[in-house]
1. Consider region 67-85. How many of its residues are out of contact with any Lys or Arg (no Cβ under 8 Å at 6 or more places or on another chain) and either within 21 Å of SER12 (Cα to Cα) or buried (at least 16 other Cβ atoms within 10 Å of the Cβ) (or both)?
2. For a quick check of your reading of the model, give me the residue pairs whose first member lies in region 97-123 and is touching a residue at least 40 places away in the same chain (Cβ under 8 Å) and within 24 Å of ALA82 (Cβ to Cβ), whose second is among the polar types (S, T, N, Q) and in a helix (DSSP H, G or I), with beta-carbon atoms closer than 7 Å and at least 6 apart or on different chains.
3. Pick out, from region 77-128, the helices (runs of 4 or more DSSP H) lying fully within it that include 3 or more residues that are modelled with pLDDT under 95 and of a type outside the set (Lys, Arg).
4. So is MET35 more than 18 Å from ARG78 (Cβ to Cβ), without any contact (Cβ under 8 Å) to a residue 40 or more places away in the chain and either among the β-branched types (Val, Ile, Thr) or surrounded by 14 or more Cβ atoms within 10 Å (Cβ to Cβ) (or both) or not?
5. Please specify each residue of region 86-95 satisfying the condition of being buried (at least 19 other Cβ atoms within 10 Å of the Cβ) and closer than 18 Å to THR52 by Cα.
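The values are calculated or read from the model by the stated rules, or taken from the named source; none is laboratory data. From a predicted model like this one, the values you see are computed outputs, not experimental measurements. Please note: Cβ atoms are built from the backbone with ideal geometry, for glycine as well, and neighbour counts cover all protein chains shown.
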Amino acid sequence: MEGTKKPKGSDSERKILEHAHRGMEMLAEHRPRLMGKLQAFMAETMKEGILTRKEKERIALGMALTQQCHYCIGLHIRACKAAGVTVDEIMEVCALGIMMGGGPVLTHMAEVERALNEFYLDEDGNPV
């Protein structure tokens, strides 16, 4: 990514994440107390503790890869960007995910690329 100019592509990662959020909103509408508890649990889990937010996001990304969840891959790459995770760090996490999950995880590198293009590049394909 660094130093390369790349088009963002036709698939919008933001639209994929909007779709995931709509599903969560549907649960919140029908089961607001349950969704509130789930959100509180997730927020508490991601707070800094022994592990930093950056470390937690890298771990979460690796787990998203091994679970092969394209929604989670996008969510955690976006969160990685916010936490200061570099593309090189993401690639190292991906290598670990592939080691643990094999070929199926390797195919999800397409999801990683889409999310990196969305959150790590500007409209002209320059690193942000």
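1. Residues meeting the conditions: 13.
2. The qualifying pairs are VAL105/THR66.
3. Counting at least 3 such residues, we get 109-120.
4. Yes: the conditions hold for MET35.
5. ILE90, VAL93
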